[in-house]
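Structure first, then comments.
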Amino acid sequence: MSEKEIEKVKCLIIGSGPAGYTAAIYTARADLKPVLYQGMQPGGQLTITTEVDNFPGYPDGVNGPQMMEDLKKQAERFETDVRWGMITAVDFSKRPFKVTADDNHQILADTVIIATGATAKWLGIESETKFKGAGVSGCATCDGFFYKGKDVAIVGGGDTAAEEATYLAKMCNKVTMIVRRDELRASKAMQKKVFDTPNIEVLWHHVTKEVVGDDTVNGVIVEHVKTKETKRIEVSGFFVAIGHKPNTDMFRGQLTLDDNDYIVTQPGTTKTSVEGVYAAGDVQDHIFRQAVTAAGTGCMAAIEAERFLSSH
């Protein structure tokens, strides 16, 4: 490819959830003329969320896809170049950074903001997919409120599952934890919380076979791993808490990742191990994983990128 065919940009944003769009709004207003690639799932995880009630500024709530469309419009209002497509390769070994979009378009970027998010791990059963957003959720903090006073089930035995079960127990009538093993993998402190909560029942040695319902979930079929006996539990909500996978495969060998493949950022910043490359949102946050915290780090990344360019 000749020199003139290589596109040059001041700020490239990879990803289009709350972190990516917020970074776009701030960098565009700073006249960095950002280019944003939406990726495989434009709008990120919020596009599979029906109601969002905990994002400031929406007093009556908003559905996830609409909220992402609002953020996109706001970014475009300040002339962010929002593109359909995905980044397929990166080379952060020197500045400007060499990036490949859609396998063949070459871009040289002075700064890069990574907002590729994380993907919730699912069980992979058909009925789970069928009821996503209609009783099946991957986030208790996001959706627990809709099941106030109702019975719910949660699958998983790690810290996330234990934390979400105790969170749900505060508002739900009963929480059934479906655990494959005869023990929880969660930390001792989290286990104690679960066992000290009277309306949490742990169903040991069980796996989920099917989520059932009409328009929405009204039950779950579980199977005992040893006896193979099945039974139905009546629930209005089914939560999957078996972990998240950050979308960082492309950055392996380019940036420092932690043991769970999240991008490592310097405390209190969005700076990665490469100067001029920033990470915002769930791709670097395995603790909070909320739209509002993602948006906050998107703002931080944009300000840090602008300051970096000003000083170089």
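The values are calculated or read from the model by the stated rules, or taken from the named source; none is laboratory data. Bear in mind that the values here come from a model prediction, so they are computed numbers and not experimental data. Cβ: placed from backbone, ideal geometry, glycine included. Neighbour counts: every protein chain shown.
Given the conditions (1) of a type outside the set (D, E, K, R); (2) within 30 Å of C299 (Cβ to Cβ); (3) crowded, with 20+ Cβ neighbours inside 10 Å, which single one is not true for L108?
Among (1) of a type outside the set (D, E, K, R); (2) within 30 Å of C299 (Cβ to Cβ); (3) crowded, with 20+ Cβ neighbours inside 10 Å, the lone unmet condition for L108 is (3).
Restricting the search to the stretch 136-192, which residues are acidic (D, E) and surrounded by fewer than 22 Cβ atoms within 10 Å (Cβ to Cβ)?
Those that are acidic (D, E) and surrounded by fewer than 22 Cβ atoms within 10 Å (Cβ to Cβ): D151, D159, E163, D182, E183.
Looking only at residues that are surrounded by fewer than 24 Cβ atoms within 10 Å (Cβ to Cβ) and assigned to a helix (DSSP H, G or I) in the stretch 1-25, which one is nearest to the chain's Cα centre (by Cα)?
First, pick out the residues of the stretch 1-25 that are surrounded by fewer than 24 Cβ atoms within 10 Å (Cβ to Cβ): 1-10, 25.
Remaining after also requiring assigned to a helix (DSSP H, G or I): 3-5, 25.
Details: E3: 37, K4: 37, E5: 34, I25: 20 Å.
Across the stretch 1-25, the extreme among qualifying residues is I25.
Cβ-Cβ under 6 Å, sequence separation 6+ or interchain: first residue in the stretch 250-273 and at positive phi, partner part of a loop (DSSP other than H, G, I, E, B) and surrounded by 13 or more Cβ atoms within 10 Å (Cβ to Cβ). Which pairs?
Listed by first residue and then by second, the contacts come to D261/T248.
Could you tell me which of the residues S236, S187 is assigned by TED's automatic domain parsing to the domain that holds E126, polar (S, T, N, Q) and at pLDDT below 95?
Residue meeting the stated conditions: S187.
So, in the stretch 149-176, how many residues would count as being more than 17 Å from E128 (Cβ to Cβ) and in a strand (DSSP E or B)?
Adding up the residues that qualify gives 3.
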